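Notes follow the structure.
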Amino acid sequence: MNDSIHAALERNFNSPIRDVLWGHIYLSPELEALSSSAGFMRLHRILQLGPTHIVYPGATHTRAAHSIGVYHLARRLLIHLAGRGADSWLSAEGARSFLCAALLHDLGHFPYTHSLKELPLASHEELTGKLILIEPMKRLVGDTGADPYMSAAIIDTSLPTSGSQELRFYRKLLSGALDPDKLDYLNRDARYCGVPYGAQDVDFILSRLWPDPEQGLLIDTRAIPSVESVLFSKYLMYRTVYWHPAVRSATAMIKKALVGALKNQRIAKEELYNLDDQGLFTLLAERAQSCGVSHGDPLFSLGAKVRDGRLYVVAAEFLYNEAQHQRLADIEKRYLLEQELAARLRIRPDELIIDVPEPISFETGLGIHEDKGHIGASVFTAETIDAFRKELRVVRVFVDPAHENALRSMPEDLCNVLQRGIPEAGGDSLSK
């Protein structure tokens, strides 16, 4: 490893943080200042898994703890790759920019992130990039010896690369099949939820990785089982933890409250940026009161119910079908369908929610490093990955527990409409 890269990655890292997952994590004084900034401290007030602690009480770890873990793995990864030849195309400034990007990659994250994904908001990557490029974060990133623009552009891929091969290389490291983000959250989420599914052998994975200036990472054939482990772990974590029915209920309730608030212009989308978990619940409650809204309005009641753990229950569920349910996946049409279905059942619109999980990706694009004497192929074919996606996307109709039997006993034609999706001809109305 050349001396400038060695200095950027290994000298003056003498500020320890004790992490439950990785043990001692060392930062430079300048990186420690970044982790103590007001913007980063907000991440300590956002739970990594949102309402998952309702199901798994141990899941109270934060976006900040995860971000520090991602930084730790990113530094280990870059040290390893630099020792295998990547130092020939890396710069000290670029290496420091990558470490800052790893530490700050969630800086613009929303609370209850899956509740807000379908809303017409800027992505958290875009918000992160903007926060890095304004004061005080711009100065703090610059103090580390990093280029604030490069750090922002590693995270926000909509920013131009200006032809920088090094920047493109870092983007591939931070987001891919075996990236530091995924290796931390699978291990960390599994640990705090008390489930075995997410555990990955990080030491072995790092030992089997090779740098490539164009593709980012290459693996040798002995690492194929590690990629398979990541893919299957991600599938199991979504099935048992991330998309547990109770977790989906809580996120769907928050989403519906915010959809209503945005449609009725009781909340502007800019007000949702830079909130923490408590700030989101406070905003919903305060705005409801300022508008003179009764406690029966979803703007207040749904947020309060989630906060207090009073979740809606599953009244119907079926697998999402791409051909039949494409229009059902449209949040605006789904909102209208919920209103009409609630009217037919003679319950309030806020007492029924149709939840359609967003599409999920399973990254598999890794090149193979020449590995003479070893032959390997993965059982995870495109068909297998497609089966994973289909099995995970379960459409559910949630209702207030007081009306649990209403949907179960609703007319058969309404059930059929839900399962077929909204008809293309004749409009969107259930009554047509």
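Rule-based calculations on the coordinates, nothing more; no lab input. Keep in mind that what you see is a predicted model, and the values were worked out from it rather than measured. As a convention, Cβ positions derive from the backbone with ideal geometry for all residues, glycine included, and neighbour counts pool all protein chains shown.
Magnitude of the charge dipole for the chain, about its Cα centre and with charges confined to Cβ atoms of Lys, Arg (+1) and Asp, Glu (-1), is about 840 debye.
Less than 5 angstrom separates the built amide H of Ala316 from those of Val397, all sequence-distant by 5 or more or on a different chain. Of the peptides 340-347, 9-16, 45-52, the ranking by mean beta-carbon count within 10 Å, highest at the top, reads 45-52, 340-347, 9-16. In the range 3-242, how does Rg compare with the Kirkwood Rh, expressed as the Rg/Rh ratio over alpha carbon atoms? Ratio value, two decimals: 0.94. Each Lys and Arg Cβ is given +1 and each Asp and Glu Cβ -1; about its Cα centre, the range 3-242 then shows a dipole of about 540 debye. A Cα-only calculation for the range 223-262 places Rg and Dmax at 15.3, 48 Å.
For the set Lys263/Lys305; Lys256/Lys333; Lys138/Lys256; Lys117/Lys305; Lys234/Lys390, the pairs lying more than 24 angstrom apart at their alpha carbons are Lys138/Lys256.
Ranking Gly367, Ile154, Ile134 by Cα position along the charge dipole of the chain, where only Lys, Arg, Asp and Glu carry charges on their C-beta atoms, puts Ile134 farthest toward the positive end. Against the chain, whose longest principal axis comes from its Cα atoms, helix 331-345 is set at around 30 degrees. For the range 155-285, the calculated P(r), taken from all Cα-Cα distances in 10 Å bins from zero up to the bin holding the longest distance, is 10, 27, 27, 25, 10, 1 percent.
Which Cα, out of Leu34, Ser91, Phe232, lies furthest along the positive dipole direction of the range 3-242 (beta carbon charges, K/R +1, D/E -1)? After comparing all options, I get Phe232.
The packing ranking of peptides 162-174, 58-70, highest mean first, is 58-70, 162-174, where packing means the average number of other beta carbon atoms within 10 angstrom of each residue.
Structure remark: mean-square fluctuation, Gaussian network model of the chain, C-alpha springs under 10 Å; the largest value among Asp308, Asp184, Asp355 belongs to Asp308. Summary value for the chain: 15 percent relative contact order, contacts being C-alpha pairs under 8 angstrom separated by 6+ residues. Across the range 124-194, Cα-Cα pairs more than 17 Å apart make up 53 percent of the total. Note the angle between two axes, namely the Cα long axis of helix 92-104 and the longest principal axis of the Cα atoms of the chain, as a number of degrees from 0 to 90, rounded to the nearest 10. Around 30 degrees separate the two axes.
Going by the alpha-carbon gyration tensor, a ≥ b ≥ c the square roots of its eigenvalues, is the range 96-145 rounded (a/c under 1.5) or, if a/c is not under 1.5, prolate (a/b greater than b/c) versus oblate? Prolate, because a/c is 1.5 or more and a/b exceeds b/c. Each residue of the range 310-316 in order: what ³J(HN,Hα) in whole Hz does its phi give by Karplus 6.51 cos²θ - 1.76 cosθ + 1.60, θ = phi - 60°, with x for Gly and Pro? Calculated HN-Hα couplings, in order: 9, 8, 6, 10, 6, 9, 7 Hz. Between 0 and 90 degrees, the angle of helix 165-174 with respect to the longest Cα principal axis of the chain falls at about 50 degrees. For the pair the range 64-128 and the range 135-151, the centres of their Cα atoms are 14 angstrom apart. In loop segments of the range 239-338 as defined by DSSP, the GluC sites (Glu not before Pro) with at most 12 further C-beta atoms inside 10 Å of their C-beta are Glu322.
For trypsin sites (Lys or Arg not before Pro), no site in the range 251-342 is both called loop by DSSP and has at most 10 other Cβ atoms within 10 Å. Would you work out which of Leu21, Tyr71, Tyr170 lies farthest towards the positive end of the dipole of the range 3-242? Charges go on Cβ: Lys and Arg +1, Asp and Glu -1. Looking along the dipole axis, the top candidate is Leu21.
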